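Nothing in this text is a laboratory measurement; each read-out follows from the coordinates by a stated rule. The model shown is predicted, which means the values in this text are computed figures rather than measured ones. Positions of Cβ are generated from backbone atoms using ideal geometry, with glycine treated the same way; all protein chains shown enter the neighbour counts.
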Protein chains: 4
Amino acid sequence: MRYPDTAQPVFTLTSGPVNAYPEVLNALGRTVLYDYDPAFQIFYEKVVHKAQKAMRLSNRPVILQGEPVLGLEAAAASLITPQDTVLNLASGVYGKGFGYWAKRYSPNLLEIETAYNEAIDPQAVRDMLARHPEISVVSVCHHDTPSGTINPIDEIGAVVAAHGAYLIVDAVSSFGGMETHPEACFADIYITGPNKCLGAPPGLTMAGISERAWAKMKANLAAPRASMLSILDWESAWSRTEPFPFTPSVAEMNGLDRALDLYLDEGPETVWARHALTARAMRAGVQAMGLELWAASEAIASPTTTAVRTPAGVDEGALRREARARYGVVFSSGRGETLGKLTRIGHMGPTAQPIYAIAALAALGGAMNAFGVRADTAAAVAAAMNEIDADA
Amino acid sequence: MRYPDTAQPVFTLTSGPVNAYPEVLNALGRTVLYDYDPAFQIFYEKVVHKAQKAMRLSNRPVILQGEPVLGLEAAAASLITPQDTVLNLASGVYGKGFGYWAKRYSPNLLEIETAYNEAIDPQAVRDMLARHPEISVVSVCHHDTPSGTINPIDEIGAVVAAHGAYLIVDAVSSFGGMETHPEACFADIYITGPNKCLGAPPGLTMAGISERAWAKMKANLAAPRASMLSILDWESAWSRTEPFPFTPSVAEMNGLDRALDLYLDEGPETVWARHALTARAMRAGVQAMGLELWAASEAIASPTTTAVRTPAGVDEGALRREARARYGVVFSSGRGETLGKLTRIGHMGPTAQPIYAIAALAALGGAMNAFGVRADTAAAVAAAMNEIDADA
Amino acid sequence: MRYPDTAQPVFTLTSGPVNAYPEVLNALGRTVLYDYDPAFQIFYEKVVHKAQKAMRLSNRPVILQGEPVLGLEAAAASLITPQDTVLNLASGVYGKGFGYWAKRYSPNLLEIETAYNEAIDPQAVRDMLARHPEISVVSVCHHDTPSGTINPIDEIGAVVAAHGAYLIVDAVSSFGGMETHPEACFADIYITGPNKCLGAPPGLTMAGISERAWAKMKANLAAPRASMLSILDWESAWSRTEPFPFTPSVAEMNGLDRALDLYLDEGPETVWARHALTARAMRAGVQAMGLELWAASEAIASPTTTAVRTPAGVDEGALRREARARYGVVFSSGRGETLGKLTRIGHMGPTAQPIYAIAALAALGGAMNAFGVRADTAAAVAAAMNEIDADA
Amino acid sequence: MRYPDTAQPVFTLTSGPVNAYPEVLNALGRTVLYDYDPAFQIFYEKVVHKAQKAMRLSNRPVILQGEPVLGLEAAAASLITPQDTVLNLASGVYGKGFGYWAKRYSPNLLEIETAYNEAIDPQAVRDMLARHPEISVVSVCHHDTPSGTINPIDEIGAVVAAHGAYLIVDAVSSFGGMETHPEACFADIYITGPNKCLGAPPGLTMAGISERAWAKMKANLAAPRASMLSILDWESAWSRTEPFPFTPSVAEMNGLDRALDLYLDEGPETVWARHALTARAMRAGVQAMGLELWAASEAIASPTTTAVRTPAGVDEGALRREARARYGVVFSSGRGETLGKLTRIGHMGPTAQPIYAIAALAALGGAMNAFGVRADTAAAVAAAMNEIDADA
């Protein structure tokens, strides 16, 4: 049997969107309230409060009404001025991509770029800042999803904080799946969203904003206002007594509310642990199968996505299509520079469960075999089971 | 008994968001697919095709990933250049508001402004265009929701088309509730969304774009690209073989899909008829009650929202709070200039059913009485029933 | 416009099933767990505990896996033996109907029967018990739904308790909508369900069983065992450590769980108050309209259903069809003896909100007028509003 | 990490209830209509028609308002009279169990009983019927779920038909997962339900009834009438113009409607094929692991459930608890005679997908290892993948 393209797959094991938790899917169907209804305004304030708790922030986060790409563009547009010198840290396609937005708002862009299977070295950041005392904004992607690699954000943040520059962090696909919080990495703007490790659908941004970032944005006359790209417009929207700049996405808020409940009720540490164990099982399996991890070292491999290097001679797109057609399992491709060079298996939110690693390894191995790669699926499963059992 | 602010109201009879159709609420809970999954790409193409059918377009509409305020801002940003002279037609707060966005992109702004309870006269547009042959873009709001009034968009469109200017139409709260389509009004950019008369939650824009508007936007080097504000980025996203610029709001697309099915299956003419009848019943009731419609004439009163002038001496906010507390019925306030001067009763999508007009009139009359206004609720209901029965 | 039979109505204002609360509808879509899964067994025990709390029982209720007609038949089959003399109290079709089941299990059936628009007089029960000391089981319907009338169950229960007979109470359509609890009326078997005033769908029975009823059923060798009709099979099913006799209706349990939360969280007294007020508004309106209540006196009219006598010459079925076709509002007919003689407007669970009375009165009046009955809808609405406003 | 009992498992791979298809879960949340509403009556008739199509019946099936155990008890109660001689075929716990119900309604019970890992031999039935021409009713369980074994129902049915006896078939856990239909096996009463291979929740029975079975039941004065156990009461309930004997389970009907759509739209043959392939993969894996199938031969092993013999010395309950705690995977135990002797892995409806076999084998193997059984999980996965790949 083969799964047709028109049919839904059995498992979506991608780096996002992943399917939402069943409880979140149900919550999306709650009654749509009028945004000015007091019951909705009270609800909205509560959701912001839950997001604050989940993000371990000392002030209120902002919820923007678009998936996190909006938050990232809005951060660049709001915080960066032509007077700024921006240091962009690029260890992958997403990190690199932020530089283009930064450049849009300031001509003064410096960059540290690594190979896209490596991570930024905090020492390199320290050196660059020492050489360029004029650097006023640093931007970094925590989990560069198209590479499945993690930058040492807390260490980098400490270096940036010591220098005094503002720090913009893209933690879209790491937050909720591992220990990372805005204040732990001294972020001034920390962008994440419900649609990765929190297991809700795409459509919102959660942004942690430091007090000094609020001040800098307010002082920036070019910062978007009366705009979809505005962060400033939403400053007081959390309050049940204040209006919204425009109608928020009520259904997405309903989903986020439930996703935050699930995260806080299960316990963040427990959630991170199952992401981490699933990732360890995946990596053990991939290597036992005779395949190669994309990440230069396991230490920088993401706990929320495992990127596997495409064996020579294999058409990566065909490989994923075969995994889907044969087993009903969907993986992610690379993006941009990494497209065709790796396959990504996501383990985020509801799929961050070790048993999914077994299914993923079987589907990956089977698809490899279909293309003539000798991947030992049995050994992969045995190795993954060892990791899981070691933690039982 | 009184309904507390923390409890959901019984009826949300606002000018949007209104509650979604139950079928749409259910559809929001469908499995969240990976945006690159072929099943999702096929689905997305189908939804765009349904939107095209509903909008009676000869080319494909664009679905933007934010509620229609995004579409309106994006239209201004994409179509208007500093070389354009824009004529903005303002018969209410939303029409007026578009002028601010137009001004952001061109210094050359002309305006025809009416009192906010009147409609734009096509002859005035014709005259203005004759006086200002340099006008290259005209913008108009079809249903200026904060006033509950309708502009004669098809006539205006014909005038603009004869002149040769580009036309931007805000049909957010009219489309789906009355006969209006992009090509019938010669619109170059026609913005609407699922969250008003289609009875889906807020979070998406549906935009009809003429071929010459595509050409003008592409020629505009300042038009947003690689941005949340971009329309151009989405040009080929409808196709199952093309990537999305960023992750679309999967759940909202699921809801829109169902909302379009409901609209097309019930039959647009049938849907418009129940909006119109509900509005007639409302207006008959309001006047029989001794209250005054905001609209200068019934001819320009919206079939999707009925705006009622606030009697002298009444605190409009308190009035709506009382209707909610006493009867569990929520109405909309005015906005900006009309805030405090009128109350809006929406009849959109699932609430565009004549029996809701009865409930609305009772709640409105009761709240009026509570503030010492002698509103004859019984007469209002009798008059509304007459309208309904006349159509039975 | 007319609503076609194939389309869903706008308002279902029946005496049940009524639409469920939106939150309950969502809960029905929760993951279906295996009935032997510990998470399900723990959940089931919790739901039984919530039902116990809602029913204010000192022991655990039983949840049977069929709508309450199952509970009533099971009660007769389990409790009544040929040695029993049963006194059945019949003030309506449902009370009368129970007698047929009682007769199936014992030849010794006595009955007190009133006109079907009156209530059982506790003194008549006292007299009958005095004349027939052999009476060992008394059965009574609290709210005889086909009549919309209430029997004084607590007083009757006290009389029966003084006599020492077992009491079977049908409180299907009263529990949750007014103050009534098994122990307050000294019931030995008290049958109700989620599908009336609790606002959940039909499919389960909630049964309060006294300790002495358990003993009597266990002593009855003819009581159903290993049967769908068994109550005994379910005695220990509440416990997370005990098996179920057969697979319970998982989705219905999920719905009941949420319905009980809603009931307990809103506060039973608050829920009863809105049922009562809706009923008062309905009755005031019906009478102001010039129509006649079916109930001989308002004192015995149900707070959960208002029965209106059909005017002479009117085809009651046609009347309801007209209300549905013209206004999208569905009412209930009578049943059996009362069929054709009355129309019932339910106000249960989510529709037990005063504003629905306004809609109901308008639809009822309008349909009457369509058949030539001079019903003054305006006066009806005015009278109903007076009731509502008097309580504001 | 270990999954606590209070948390939902990751995969419910049981022999039912299994989780429902996501589309069915959504459908459960549809508006609850009044059972006498014409829209509901039209809907109900349509669902019965879909069930007829799925069951490939030439007359209308009956839908009973309780899970299939109700249908089986009702079949015995309605069809069997004291004048009948019943031959009950028992190849497992469920088949054996039906004999107790048969005995309740006729003292004349004969039985053919096999070991509970074997199947009924049609020749043995032929011989018994030859020896006992008085046999008038034969009963058989198609898939005896507690054993995971299949009886050759079509062959048995042909033998019984030749004899002229009535045939009662329990096809609860086979229908929808393999080729089996009432008329193909000459069944007079054929009981199944939505909660196994159709992937809907438990709560309804689907019963195919031959014309001569209707006649025999009607002639049986002791057949339940005015009862939850009645089949006769429902004879004309399918018709949009006829009343229901009591309120049907509206939400369950909504779920069944969607489940039937899914089954018919995917194509029965396609659905059966994925059940069969999943089962083949399971069996290959189990044997490669060094474990033993419960079924005496693969030929009689069910395509919807794989039963695995518990290795000597292993506590089967502890084994399943460990699989759940360690991997979040839930299996079924045996029942009655088979309890403790085997573990059942269901592959029904949404879990009848080969990739689930991989997860099941890993979890089963891992749990075995945890109890000191040397089960080669890697070999199991390899063998299962071979089966899957052979069909790709």
At R0 = 60 Å, FRET efficiency that the Cβ-Cβ distance of D:Arg131 and C:His49 yields, to 0.05: 0.60
Farthest toward the dipole's positive end in the range D:31-265, which of D:Ala102, D:Pro146, D:Asn220, given Cβ charges of +1 (Lys, Arg) and -1 (Asp, Glu) about the Cα centre? D:Asn220
If you bin the C-alpha pair distances of the range C:250-392 every 10 Å from 0, what whole percents do you get? 12, 40, 31, 14, 3
Take peptide A:69-77, look around each residue's Cβ out to 10 angstrom, count Cβ atoms belonging to other protein chains, and average those counts. 3
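About the Cα centre of the protein assembly as shown, what is the dipole size in debye to 20, counting +1 per Lys and Arg Cβ and -1 per Asp and Glu Cβ, all else neutral?
Once rounded to the nearest 20, the dipole reads 0 debye.
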Evaluate the charge dipole of the range C:14-149 about its Cα centre and quote only its size in Debye, nearest 20, assuming +1 on the Cβ of each Lys and Arg and -1 on the Cβ of each Asp and Glu. 320
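I need to check one value: relative contact order of chain A, counting alpha carbon pairs closer than 8 Å and at least 6 residues apart, in percent. Show your work: numbers first, answer last.
Numbers: 871 pairs, mean separation 90.6, N = 392.
Contact order relative to length: 23 percent.
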In Å, what is the Rg of the alpha-carbon atoms in the range B:31-265, and how long is Dmax? 17.1, 56
Have a look at C:Val159, C:Ile209, C:Phe244 and report the one farthest towards the positive end of the charge dipole of the range C:123-254, computed about the Cα centre with Cβ charges (Lys/Arg +1, Asp/Glu -1). C:Phe244
Seen from all sides and averaged, what is the projected area of the convex hull of the Cα atoms in the range A:226-332, in nm²? 11.3
For the range D:158-284, rounded, prolate or oblate, judged on the Cα gyration tensor with a ≥ b ≥ c (square roots of eigenvalues), a/c < 1.5 rounded, else prolate if a/b > b/c? oblate
For every other residue with a beta carbon closer than 10 angstrom to the beta carbon of B:Met368, add +1 if it is Lys or Arg and -1 if Asp or Glu, then tell me the sum. -1
Tell me what chain C gives for mean residue ellipticity at 222 nm when only DSSP H runs of n ≥ 4 count, each as -39,500 (n - 2.57), the sum divided by the residue total, rounded to 500 deg cm²/dmol. -13000 deg cm²/dmol
Bins of 5 Å from zero: percent of alpha-carbon pairs in the range A:119-181: 4, 19, 30, 23, 14, 8, 2, 0
Out of A:Met55, A:Val10, A:Ala39, whose Cα points farthest toward the positive end of the dipole of the range A:1-67 (charges: +1 Lys, Arg; -1 Asp, Glu; placed on Cβ)? A:Met55
Spherically averaged projected area in nm², based on the convex hull that wraps the Cα atoms of the protein assembly as shown: 54.4
Peptide A:247-259 - average C-beta neighbours from other chains (10 Å radius): 5
Ratio Rg/Rh, restricted to the range B:1-151 and using Cα atoms, in which Rh is the Kirkwood radius: 1.07
Relative contact order in percent for the range C:113-158 (Cα pairs under 8 Å, 6+ apart) equals 45
Given charges at beta-carbon only (K, R positive; D, E negative), |dipole| of chain A in Debye: 600
Rounded to a whole number of µm²/s, how large is the Stokes-Einstein D of the range B:13-98 at 10 °C and 1.306 mPa s, given Rh as the Kirkwood radius over C-alpha pairs? 96
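If r is the Cβ-Cβ distance from D:Ala162 to D:Glu298 and R0 is 30 Å, what FRET efficiency results, to the nearest 0.05?
About 0.55, to the nearest 0.05.
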Hey, rough spin-label estimate for C:Ala219 and B:Gln123, points 7 angstrom out along Cα→Cβ, what's it come to in nanometres? 9.7
Using the structure shown, select from D:Lys46/D:Lys103; C:Lys103/C:Lys341; A:Lys53/A:Lys196; B:Lys96/B:Lys216; B:Lys196/B:Lys341 the pairs with a Cα to Cα distance greater than 26 angstrom. D:Lys46/D:Lys103; C:Lys103/C:Lys341
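What FRET efficiency would be calculated for the residue pair C:Ala392, C:Glu155, taking the C-beta separation as r and a Förster radius of 51 Å, to the nearest 0.05?
That pair, C:Ala392 with C:Glu155, gives E of 0.95.
Starting with the fewest neighbours, write out A:Glu322, D:Glu118 ranked by other beta-carbon atoms found within 10 Å of each beta-carbon.
Starting with the residue having the fewest Cβ neighbours, the order is D:Glu118, A:Glu322.
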Rotational relation D to B, axis-closest Cβ in chain D, residue and distance rounded to whole Å: D:Asn26, 2
Restricting things to alpha carbons, tell me how big chain C is in terms of Rg and Dmax, in Å. 21.0, 64
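Work out which helices of chain B, taken as complete DSSP H runs, extend at least 20 Å along their axis over the Cα atoms and score a mean Kyte-Doolittle of -0.5 or more, then list them.
Within chain B the helices that satisfy the rule are B:38-55, B:250-266, B:268-288, B:354-370.
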